[in-house]
1. Quickly work out the ASP283-to-THR232 label distance, labels modelled 7 Å from Cα along the C-beta direction, and quote it in nm with one decimal.
2. I'd like the distance between the alpha-carbon centres of region 204-258 and region 105-181, rounded to an integer number of Å.
3. Could you give each residue of region 162-173 its phi-based ³J(HN,Hα) in whole Hz, using Karplus coefficients 6.51, -1.76, 1.60 with θ = phi - 60°, and x for Gly or Pro?
4. What's the center-to-center distance, using Cα atoms, between region 304-346 and region 46-91 in Å?
5. Measuring from a point 7 Å past the Cα of VAL330 along Cα-to-C-beta, which residues in region 208-223 have an amide N at less than 19 Å?
6. Place a +1 charge on the Cβ of each Lys and Arg in the chain and a -1 charge on the Cβ of each Asp and Glu, then give the dipole magnitude about the Cα centre in debye, rounded to the nearest 20.
7. How long is the chain along each principal axis, judged by its Cα atoms, biggest number first, in Å?
8. Using only the alpha carbon atoms of region 358-414, find the Kirkwood hydrodynamic radius as the inverse mean reciprocal pair distance, in angstroms to one decimal.
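Each reported figure results from applying straightforward, stated rules to the coordinates on display, with no laboratory input. On a predicted model such as this, the values are computed, not experimentally measured, just so you know. Cβ placement follows ideal geometry from the backbone for every residue including glycine, while neighbour counts extend to all protein chains displayed.
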Amino acid sequence: MIRSVFHRLLTAVSGRPAAALAALVLCGAAQGCGRQEAQFTHRAGFENLMPEAQSYVHEALEQHFGTPTQVVAWEQLPIKLHAAAGAVGAAPDARSIAVNYSQQNLPIEPGLQTAWLSGPLLQSQGDPAWVEAVDVAGRIMFEQPLASVPAEGDRVAIGPGEVLRYGRVLYAEHCQHCHGVSGDAQGPTASYLNPRPRDFRRGIFKFTTTTASNRASRADLARVIENGVPGTYMPSFKLLSDAESMAIIEYVLFLSMRGEVEYQLVTQLGNDYSNQAVKDRIDGGETRKGILDEFTGMVNGGDMQEQFNETVESIVTRWVEANEPEAIIVPGAKRPPATPESIARGRMLYLSQDLNCVACHGEAALGDGPQSYSITKNAAGEDNPTPGLYDEWGNLVKPRNLTQGIYRGGRRPIDLFARLHGGIKGTPMPAFGGKKTDEELWDLVNYILSVPFEVRHPGDGLKEARPVVEDVEQVATR
C-alpha cells in the first residue's frame, strides 16, 4: 500500500450515535493534491430550506459521511468498512497482537494502519500503529512499539476505512462518469443515456431477489455488477476481482445510505423550515426570529439529534433486513416443465383483469399497452408531463417488449420469477407475490419465456400466412 494515503481516527463525540468515526484522507489517492476536490452535491429540495436548516443538513452529512476525498467510515452503517476487524486475542504485547477476526474483507498487508475501537489505546490515536508484517501464525507485527499493551478483547480495525477508500477509487474509475460523484445519476455522460443511470440516493434498486418491501441485497448488487443490465448502457464488469466488486458494492451502499439520510432530513425539515413554510408562518403572525430560535433550540436541546438517530436507525434496519434469509424470494413450488398446458395457463394469467399485464405490455406483449400512451399520475397525484409510465426518479420508462427476449434483471427462470414476485422496485411494475400462487407465477414465467418464439401470422390468426415473396411473385406474373 502507498504510504502517501494517510489515515486519521476521529473518536466519537458525546451524544453522537457512532462508537468511532474513522476518516480517510485520500489526497493523492483518487485525484492529486492542489486540484479542485470533488464534492458531494445536495439533492433537490435542499435549496428550498431556510439557510440555517441547510447548514444543519450539510454539517450533519459531512460529520457522518465526510467528502469524496475524506470519507468518514462510520461504524453505525451496516457496511464493510475496514480491511479487517476483530478483537485482540491471547498474549498481546507492545510489538504484536493476535486478532480474532469478526470480518476480513481485504488482505492484511504491510503499511496498513491499526485503529483501536475500544480500550485504552482508543484515546491515544495520535501515534498510529502501522503493520510491519504478518507472521506464519497470523500474528500482526508492528513497526514501532505500541504506547501501551492492549487488553485481550479490545476491538481493533486493521486498515480502517480501507474498503471505502478502495471502493471510492474503483467507483471513480468505473462508475462515476454515469452515476455521478454523489450517486445522483448526474455524471457527465448521464444526460446522453436512455434509460438513465440509477440514482442510488433513495436506496431503491430495481432488480432484486428480495421481497417487495425489502431493499436490495449485496448479492443483487453483485449480480448487476457482474452481468450488467441487458438492453441498457450498464455494462458487465466480469473482469473485476471479487475484492474489487466487493469494494464497489460497499461504496455504492455508502452513497445510498448517505442519500437516504439526506432525503429524510430534507423532507422532515421541509415541513416547518423550508423557505415557503417560514414565509407561511410569518404571514400567520410568527416572527423570523421566533422561528430561528425554535430551530436553534431543537438543535442545541437534542431534539434534532434524537430525530437524526431515529432516522439513521430506521435506514440501517432496512439494509440489515435485506440481507437476512427471510428477505430473499424462495419459490415454494418447483418450476413445472414448459408444456403447452403450462404456457396456456400463463397466457390466461397474462390476459386476466386480475394481473392486467396487457395494460402496459400489450396483448401481443410488444410493450405497447394503453398505459404506455396514456396520461398517468406521479406519486403526488399530479399528471405526468407527457403520456406514458414514469419511475420514482421521474424518468419516462417503456414497458418491456417481451418478444425481444431481453430481460434487464436476468433471463434465468428464477430471475423472471423474482420480477413477478417482488416487482421491479421504483417502477410501475407491481409485485404479484402473495396475490398469485407460486405455481401460477411459474406458469406465467413459462409463458413469458415462450413469447420470443411464438410464430406470428398476419391476418385473422386462423389461416397460415404465405411468405411475402410469393405474393410479390404472383403480382409480378399477373
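1. 4.1
2. That distance is 25 Å.
3. 5, 5, 5, 4, 5, x, 4, 5, 5, 4, 4, 7
4. 27
5. Once the point is set 7 Å along Cα→Cβ of VAL330, 208-220 turn out to lie under 19 Å by backbone N, inside region 208-223.
6. The calculation lands at about 1040 debye.
7. Principal-axis extents of the chain (Cα, largest first): 100, 73, 45 Å.
8. Its Kirkwood hydrodynamic radius stands at 12.2 Å.
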